[in-house]
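The structure under discussion appears below in the form of structure tokens.
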Amino acid sequence: MRTILKNGKVITPLRIIDGAGIMMINGIIEQILEDGQWEWLEGDEVIDVKGRYISPGFIDLHTHGGGGSDFMDGTLDAILTGVRTHMKHGTTTIVPTTIASSKENLFGILKCMKESRHQKGIPNILGLHLEGPYFSMEQRGAQDPKYIKNPQREDYQEILSCSDDIVRWTAAPELPGAMEFGRELSKRGIVCSMGHSNAIYEDVIRAYENGYSMITHFYSGMSMVKRINSFRYSGIVESGYLMDELFVEVIADGMHLPESLLKLIYKIKGPDKICLVTDSMRAAGCGDGESILGNVVTGQKVIVEDGVAKLKDRSAFAGSVATADRLVRTMVQTAGVPLVDAVKMMTLTPARAMGINHKKGSLLPGKDGDVIVFDEDIQVKLVVVGGKIMFEG
């Protein structure tokens, strides 16, 4: 089975090829088709994209839900609703994310995750991202303090023994036991990330040497320059800038970080180390009004307005309601980032961060046929997952 997208602008990691297309055979990219290469056989599925952009599918490494569902709801329906909502906005590979919770809630999600990965009509579910519970109390943000603790071997081994679907885990590296925890995750091929942390530069160096490779939602829930016994110390933010080896997540919804910081992060870290993430809660893809942060029964009531979720008293943000297309749009239209780089930060860079760039993240021969089409305003018009059309807008 051959699927051909023709008459578009193909986005590669290096450039945009005008008047081009993509050929996929049995769900795998065969080649980029440039001018003069247009030919097809009877039975081929040929789609004229009418001059729009042809891009690799977006990869969201950090999302808590969407479409009115949160992954912490702990049901198969909640997972499927959330991932399908994001798929309509261009996400073809997704990493559902938890928050600090009870073991009962977490194990229920682990069970549903295994079921969900075999369902049809959904994006690729890479696996689960555990955000917590090994966090700094001072930097916990909206995480429930009654579940926050230090990493203890018997605790995380119990969780790891229950599931092989965990692909990421975020923890505060300054906590007792955090180095052993990082080494254990690295042995298992699980990406270990720093977040909700009060660490200083020296902690971050040690963390990198013990398997930590990312920083979760850069600037949110983390230390900056601070004084200890009168002396200044660099925090996680400064460490992220200093250490070229570290990937950083950026919530580019235009609300969590202002234009100036988006430009600063891009200028210093560059597109090869920035992973755009939604970090979205259940209201992503929905309208304004009341919503719930976390589990539908035990979660916190919030208000969605001005393109972001806020606490009821409007004293702080309570989560993003972004989808992946909005992140790319913000980086291009607000931060002035070239489209090629904005797309890379939503595709190839997260694929590299997760070690899946050999099959995802760019439109190269032999890679999976995860392809999207969007217009000049980065409104998604077509989503293809594994060579199959999943959404037409």
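What to note about this one:
- Each residue in region 199-244 was checked for being hydrophobic (A, V, I, L, M, F, W, C), more than 19 Å from residue 181 (Cα to Cα) and touching a residue at least 60 places away in the same chain (Cβ under 8 Å), and 1 of them qualify.
- When residue 267 is tested against (1) among the charged types (D, E, K, R); (2) in contact (Cβ under 8 Å) with a residue 40 or more places away in the chain; (3) at negative phi, only condition (2) is not met.
- One residue from 335, 342 being closer than 16 Å to residue 259 by Cβ, over 13 Å from the mean Cα position of the chain (by Cα) and surrounded by 24 or more Cβ atoms within 10 Å (Cβ to Cβ): 342
Every residue, every condition in (1) over 19 Å from residue 390 (Cα atoms); (2) in a strand (DSSP E or B), yes or no:
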position	(1), (2)
47	no, yes
51	yes, no
55	no, yes
60	no, yes
72	yes, no
79	no, no
82	no, no
86	no, no
89	no, no
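- The set of residues in region 116-157 being under 18 Å from residue 87 (Cβ atoms) and modelled with pLDDT under 90 consists of 117, 118.
- Boolean, residue 318 is within 26 Å of residue 97 (Cα to Cα), modelled with pLDDT under 95 and either polar (S, T, N, Q) or crowded, with 21+ Cβ neighbours inside 10 Å (or both): yes
- Residue among 79, 54, 47, 59 that is surrounded by 24 or more Cβ atoms within 10 Å (Cβ to Cβ), over 18 Å from the mean Cα position of the chain (by Cα) and among the hydrophobic types (A, V, I, L, M, F, W, C): 54
- If you filter region 2-44 down to residues that are in contact with a helix residue (DSSP H, G or I) (Cβ under 8 Å, 6 or more places away or on another chain), buried (at least 18 other Cβ atoms within 10 Å of the Cβ) and of a type outside the set (S, T, N, Q), you find that the one that is nearest to residue 348 (Cα to Cα) is 13.
- Within region 5-26, the set of residues being assigned to a strand (DSSP E or B), aliphatic (A, V, I, L, M) and within 25 Å of residue 271 (Cβ to Cβ) comprises 5, 10, 11, 16, 17, 20, 22.
- Residues that are more than 26 Å from the chain's Cα centre (by Cα), within 28 Å of residue 341 (Cβ to Cβ) and β-branched (Val, Ile, Thr) within region 1-44 comprise 3, 4, 17, 32, listed in sequence order.
- Residue that is touching a residue at least 12 places away in the same chain (Cβ under 8 Å) and touching a Ser or Thr at 6+ places or on another chain (Cβ under 9 Å), where the choices are 166, 122, 159: 122
Rundown of residues vs (1) at pLDDT 95 or above; (2) of a type in the set (Asp, Glu); (3) closer than 14 Å to residue 236 by Cβ; (4) part of a strand (DSSP E or B), yes/no style:
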site: 167; (1), (2), (3), (4): yes, no, no, yes
site: 170; (1), (2), (3), (4): yes, no, yes, yes
site: 175; (1), (2), (3), (4): yes, no, yes, no
site: 181; (1), (2), (3), (4): yes, no, no, no
site: 185; (1), (2), (3), (4): yes, no, no, no
site: 189; (1), (2), (3), (4): yes, no, no, no
site: 193; (1), (2), (3), (4): yes, no, yes, yes
site: 204; (1), (2), (3), (4): yes, no, yes, no
site: 208; (1), (2), (3), (4): yes, no, yes, no
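- Qualifying helices (runs of 4 or more DSSP H) (wholly inside region 315-393; at least 1 residues being among the acidic types (Asp, Glu)): 324-333, 339-344
The values are calculated or read from the model by the stated rules, or taken from the named source; none is laboratory data. Fair warning: this is a prediction, and the values are worked out from it, not measured in the lab. Positions of Cβ are generated from backbone atoms using ideal geometry, with glycine treated the same way; all protein chains shown enter the neighbour counts.
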